[in-house]
Amino acid sequence: MKKIFVILIIAFVVFELSAISEFACIYTQINTSARGDAFGNSSGAADIWDISPLGIWSNPAKLGYHKGLAYGYSDTPWFEELFPDIYIKSYYLSIGWKGIGVMLPAPSDHKKWGTMMNYGEQTITDTLENEIGTFESWDADTKYAIGINMIEFTSNFFQRDFLRKINNFGEISLGYSYDDLYSKLSPIGTGTYEVDEYGAAESSFSSYGIIGRISPLNETNALGGFCTLAIIGGINYINPSKDKIKYKNENRADYLPWGTHSAIAGKIAVTKQLIPDIQIPVFGDLFKNLFSFYYSYDDAQYGKDSADNPGYWGKGYEFTLLDIYSVRKGHYNDTAGQVKGDTSGWGINLNYKDILQFQYNYAEFPGGELQYKQDMEDYAFKVDFFKLFGKK
């Protein structure tokens, strides 16, 4: 009879007995965006300024704000001080035009596209503790999503000026995402996660998001000429149908994560119109704002909201200079999982007239008892072909 040493460790490593450890495939609720992690770990549900498709993890309605073709890649070593071969990588593409956006998984360096969590090489032994082989265990989440900014899309489709004026002051964006899951934690005959001849389990779930924005200060009024303000609220309903994943034993089917991510955020920016006579050749095309301040409070609830499962929350802020360099700080608190602490990070953003854009983000966040700090980085590149070739 075969035995596996590390399968039990895998479930512990993913979220270290966090508030959602009662679910299967809890790796799907690990933030793929370093930007969101820096604000408060699992955050970003109202961050409409995130141009990376990686940020769609927190709310698919953010796709209604995407413009052009964007590629995002993130890399997270997971408890690397204890398990150097465990990591999470994500690869995604998004394309947006006139208020509608779509996200697709991009090719990865592993067996599945999208997000891959690799648990490294495991050892199989017999009852006498003799090694009889090794295998690689991993999980994959291939996500597809669509988002529509209702007022922007409608005003562009029907060519109505009054809708464009309304759009200056606010809008509502809707989103939908579909997660195709593939889990291969043990080879056939060695564990409980097998359903077929390959020793793998497959399942899927859907999520629905909404974002609302109000901008009392914008470019249409005198004060908004040099100072803009936006207040945003967002919520993502994760797996509201409470889908499960089934294993070889038909009587056993575990719930996939279900619940909500919600957030409220605000951003105030002082534009370069404060100094209308400023003339900076070339470099001036890289920024619109002299500086900006962004604040976000995110809350997550999984399963029933009770004393045994209170969910978790994160809060944080970002200060950005010239739209180029950002410093981020935050705090994360998962009471049930006993994981809490400060988050931090920074980012570089190079944006040429909203046509070409490159981003790099780095974040640190609490790792719990196993590892004091986790770190993460991501990259994003965007090109707006419609602007590049003068299309409207």
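The values are calculated or read from the model by the stated rules, or taken from the named source; none is laboratory data. The structure presented is a predicted model; accordingly, all values stated were derived computationally and were not measured. Cβ atoms come from the backbone with ideal geometry, glycine included; neighbour counts cover every protein chain shown.
If the condition is being part of a loop (DSSP other than H, G, I, E, B) and surrounded by 21 or more Cβ atoms within 10 Å (Cβ to Cβ), then region 68-108 contributes 78, 86, 99.
Taking every residue in region 85-103 that is within 10 Å of residue 62 (Cα to Cα) and at pLDDT below 95 and pairing it with any residue that is buried (at least 24 other Cβ atoms within 10 Å of the Cβ) and of a type in the set (Asp, Glu), at least 6 positions away or on another chain, yields no pair with a Cβ-Cβ distance below 8 Å. Do we have residue 176 as surrounded by fewer than 19 Cβ atoms within 10 Å (Cβ to Cβ) and either touching a helix residue (DSSP H, G or I) at 6+ places or on another chain (Cβ under 8 Å) or modelled with pLDDT under 85 (or both) here? Answer is yes for this residue.
Hey, can you tell me all the residues within region 264-304 that are surrounded by 12 or more Cβ atoms within 10 Å (Cβ to Cβ), basic (Lys, Arg) and either modelled with pLDDT under 90 or over 26 Å from residue 58 (Cβ atoms) (or both)? 272, 288 - these are the residues of region 264-304 that are surrounded by 12 or more Cβ atoms within 10 Å (Cβ to Cβ), basic (Lys, Arg) and either modelled with pLDDT under 90 or over 26 Å from residue 58 (Cβ atoms) (or both).
For region 210-218, state whether one or more residues are at pLDDT below 90 and part of a loop (DSSP other than H, G, I, E, B). Yes - at least one qualifying residue is present in region 210-218.
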